[in-house]
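Encoded as C-alpha cells, the structure appears first; notes follow it.
Derivation of every value follows stated rules applied to the coordinates shown; laboratory data play no part. Remember, predicted model here, so these are calculated numbers, not experimental data. Note that each Cβ is placed from the backbone with ideal geometry, even for glycine, and that neighbours are counted across all protein chains shown.
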Amino acid sequence: MPNAPLLIVILEVLKHTPTYVWGILLALIVLGALQMRDQVIGRVRVMLMPIVFAGYGLWGAVSMFRMQFEVLAAWAVGIGVMLWAARWIRWPQHVEFLPERNAFSVRGSVVPLLTMVAVFAVRYVIVVNLILHPDWRSLEAVAVLGALVYGLLSGVFAMRARTILSHAGGGLRLLPA
C-alpha cells in the first residue's frame with residue numbers, strides 16, 4: 001500500500017480495524033459525555049480517572065515501544081509537565097468542596113471528552129503507523145514522542161484531580177475524618 005492513494009489507505013485501515021476498537025471509542029465518548037454535566041464526586045472518584053488514564057498511557061507507551069528508560073522518562077515528563085502547569089491553569093475552575101459529604105461539586109466540562117478521544121486517536125494513529133512502518137518501532141525519537149504525548153494526555157486528568165482536591169484545604173485524605 002505504499003503508493004496507494006491516501007483515501008484507499010484510510011479506507012483499508014478502517015475496514016481492518018477490529019470491531020472491539022470502535023466499542024472502546026464508544027465507551028470513551030459516553031464516559032467523556034458524562035463529564036460534561038455538573039456533578040458531585042467523592043475523593044476516590046476524583047483520583048480514579050487519573051490513575052486509570054496514567055496506567056493506560058503507560059501501558060500504551062510500553063506496549064508500543066518496549067520497556068526502556070527513554071520511554072518511561074518521556075511519559076513521566078509528560079505527566080509532570082501537566083501537573084506543573086496545574087499551578088497556573090486552574091481547571092476545572094468551578095469546584096466547591098462539600099465537607100459534610102467529603103465530596104466536590106464540579107461543573108461539567110468538554111475537556112475530559114476531548115482528552116479521552118485524543119487518547120484514543122493517539123493510540124490508533126500510533127498502532128496504524130507502526131503496522132504500516134514496522135521499522136519506526138525501533139526509532140528512539142518516535143518512541144520518546146509517543147510516550148511524551150501519552151504522558152501529557154494522562155497528565156490532563158492528573159491536573160484535574162490536583163485542582164479539584166486542592167479545594168478541600170485539609171490535604172489529600174481519601175476518607176472522611
When the label point is put 7 Å from the Cα of Leu130 along its Cα-to-beta-carbon vector, which residues of the stretch 34-65 have a backbone N closer than 11 Å?
59-65
Could you give the size of the charge dipole of the chain about its Cα centre, using +1 on the Cβ of each K and R and -1 on the Cβ of each D and E, expressed in debye and rounded to the nearest 20?
500 debye
Relative to the chain, whose Cα atoms define the longest principal axis, helix 43-65 and its Cα axis are tilted in degrees, nearest 10, by 20 degrees
Extension length gain for Leu7 and His94 (0.36 nm per residue less Cα distance), in nm, is 27.0 nm
Would you mind counting up the charge near Met47? Only other residues with Cβ under 11 Å from its Cβ, with Lys and Arg at +1 and Asp and Glu at -1.
+4
Nearest-ten-degree value, helix 140-166 long axis tilted from longest Cα axis of the chain:
20 degrees
Once Lys and Arg are counted +1 and Asp and Glu -1 for all other residues with Cβ under 12 Å from that of Ile131, the total becomes -1
Helix 19-34 sits off the longest principal axis of the Cα atoms of the chain, rounded to the nearest 10 on a 0 to 90 degree scale, by 30 degrees
Go from 0 up to the bin containing the longest alpha carbon distance in the stretch 31-97, width 5 Å each, and give me the % of pairs per bin.
3, 13, 18, 22, 19, 13, 8, 4, 0
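Where the eigenvalues come from the Cα gyration tensor of the chain, what are the semi-axes √(5λ) of the equivalent ellipsoid, largest first, in whole Å?
Details: eigenvalues 240, 73, 29 Å².
Whole-Å semi-axes of the equivalent ellipsoid: 35, 19, 12.
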What number, in percent, do you get for the relative contact order of the chain if the mean sequence gap of Cα pairs under 8 Å and at least 6 apart is divided by its residue count?
37 percent
